[in-house]
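Working notes, structure below.
The values are calculated or read from the model by the stated rules, or taken from the named source; none is laboratory data. Quick caveat: nothing in here was measured; it's all calculated off a predicted structure. Neighbour counts are summed over all protein chains in view; Cβ atoms, including those assigned to glycine, are modelled from backbone coordinates with ideal geometry. Heavy atoms of the whole protein, side chains included, go into the accessibility calculation; ligands, DNA and RNA do not. Shrake-Rupley method; radii C 1.70, N 1.55, O 1.52, S 1.80 Å.
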Amino acid sequence: MPAWTDQLRFAFQPVVNLATGSVAALEILARPERGDVLTAARRSADVDAELAGLAVRSAAHQETLLPLHVNVFATTLAELPGLTALRKAVHDVGRRPWEITIDVGGPFTHVPRRALLEAVAGLRQDGYRVCVDGVGDGDLPLRLLGDLAPDLVKLDASLCAELDDDRGGRAAVAAMRQLCEVLGGVLAVEGVETERQYAAVRAAGAQLAQGFLFAPPARRPAAHVYLPEPRDGYGPVASGYAGGIASGALPPPSGPPVTQFLQPAALLPMSASAGSVRSHLTGFPGVSGVLLVDPDGVPVRAIDRDRFLLSLSGRYGHALYADRPALRLADRPRTVGADATAWEVLDVVADGDRDRTGDDVAVVDEQGRCMGVVHLADILRALAESRVEEAARLNPLTRLPGSDAVNAEVDRRVGDGRAFALSWLDVDGFKQVNDGAGFAAGDALIRAVGQALARTAAELPASRVGHIGGDDFLVLAGPDDLEPFAAAVLDVPWSAGGLPVTLSLATVVCAPGSVTGHAQAAAALAPLKKAAKSITGASSWVLGQPRAQGHEVRRGRRRGD
């Protein structure tokens, strides 16, 4: 060992899952007692790689089952893509690559792009997870971030410092969360030190966090972390899609991603004896079960803690099973892919044996390797919260969501570069309808129009319908799916209290790149709505495009025609 290792110590800081309040992993931080080892590591790829290997070896003395985060400079990865010292340490201490996340830090400016991407691809191929660290206060180009497509993005602590009263910072965190969802990654924020920052981080959509509020770096991993109660005014961790409950209004909510609830998995080889599994379970009381995996880390059998220990505690149980393979007392594992949602986990649970309802569900990557497990209690709690949130957002009259759900979907399609059509529908002279036919008749009309839109949306899975309030509705659809909506609401002889009623529909068709978000789409829609309202005598429909001159009249006639 080099002499500089004699004055080197390591500290462990928990990475906290904000959805479950549990420790998802441990980051290992080098703490040199003398000398400037970190500067040497920045200048020398060999020293940096050796430091990463020593970090893994130091964790082996802590007897922790938690996944590990190890820091490596981007220059090191480009120069030493094999990271031999780290790989050897992982093998020597009996860890598996998929239990190790490599936190890649800057600077990135002068790092050969191709070499870095090839190194990351090689690590992933072997099962290692990749995190990009310090995002938001460094020199990482967004394009490179997209090309890296990390499993985890860690936002720099500087973003968190004033996040509770910084609208721009919160917007940046929310935007990065959306980018992570597109890339298939998870978002973490570093530097959480106050309860206000914790609440702001949750509200902005981060899924993981680190900071002195939870637990400071320590020579021994923290057994417990502090987690404040959610403050009033801040919602729970953003779960992505905010859908509606009304039939046909929106497709069934996809629910929060399963990776949001990921917990470390206790993994043992298939050859493990029942005695070794028992030692594992009794040595780690917080472990609810063990997965037996093949040499590639693919779950082959699952062992539930309670059923397993009950079998061994029975008469002759220890004598019968202790020295024999634990496979005899194991079940087939229940697994979901990393791209699954909480609802899909419930489907897996529902399809299984009733006596295994409470068993953990393993989350696997594209190669079938175990990334961790999810607990049913965490899933049920999150889905219950999401249902309450969805119900609160529905219009009480039509049971349709408000504009937020449609606007969020517009922004997603803009981000994905997809064409779409956004429409605004309302009742002509609705105040006069209420005055002439009464509020009850007006409410019945609005309910009927909402139901017609919802029925049409149910037949067009890519469409969304929202009730802004009063007599105003929003419809989001594909450019080729407009006629069914128009026919459902414009080709119908509407009436309220026996009085004939007409509707006005305005549509803006947005090609990829024509608008930057829902605000620009709404601005392009405003003059089209005015044009549709100027047509009298029949229900009308006007269609246009952003920044285009003129518009097309699809229903009704202009005055003077």
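See the values below:
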item: In degrees, nearest ten, helix 195-204 long axis to first principal axis of the chain (Cα); result: 60 degrees
item: Accessible area in the full protein assembly, largest first, 1.4 Å probe, for Lys88, Lys154; result: Lys88, Lys154
item: Rounded to whole Hz, the Karplus (6.51, -1.76, 1.60) HN-Hα couplings of region 432-439, x for glycine and proline; result: 5, 4, 5, 5, x, 9, x, 5
item: 0 to 90° range, to nearest 10: angle between helix 518-533 axis and the chain longest Cα axis; result: 10 degrees
item: Alpha carbon convex hull of region 39-111, volume per residue in cubic angstrom; result: 80 Å³
item: Accessible surface of Val182 - all protein chains present, 1.4 Å probe, nearest 10 Å²; result: 100 Å²
item: Region 58-202, relative contact order [Cα under 8 Å, separation at least 6], %; result: 20 percent
item: Only Lys, Arg (+1) and Asp, Glu (-1) charged, at Cβ; the chain dipole about Cα centre in debye; result: 360 debye
item: For region 1-159, alpha-carbon Rg and Dmax in angstrom; result: 15.0, 43
item: Cα-based helix-to-principal-axis angle, 376-393 vs the chain, degrees rounded to 10; result: 20 degrees
item: 23 Å Cα-Cα reach of Lys529 towards lysines, excluding residues that sit fewer than 8 places from it in its own chain; result: Lys431
item: DSSP beta bridges in the chain [antiparallel fraction, %, rounded to 5]; result: 60 percent
item: Per residue solvent-accessible surface (Å²) - region 111-162, probe of 1.4 Å; result: 45 Å²
item: Of Leu312, Ala78, Ala59, farthest towards positive along the dipole that unit charges on Lys, Arg, Asp, Glu beta carbons give the chain; result: Leu312
item: Percent accessible area from carbon and sulfur atoms, the chain, protein chains only, probe 1.4 Å; result: 52 percent
item: Per-residue ³J(HN,Hα) for region 446-457, Karplus 6.51 cos²θ - 1.76 cosθ + 1.60, θ = phi - 60°, Hz, x for Gly and Pro; result: 4, 4, 5, 5, x, 5, 5, 5, 5, 4, 5, 4
item: Pairwise centroid distance, computed over Cα atoms, of region 95-169 with region 511-561, Å; result: 44 Å
item: log₁₀ of I(q)/I(0) at q = 0.14, 0.16 Å⁻¹ - region 456-524, Debye sum with one point per alpha carbon; result: -0.52, -0.67
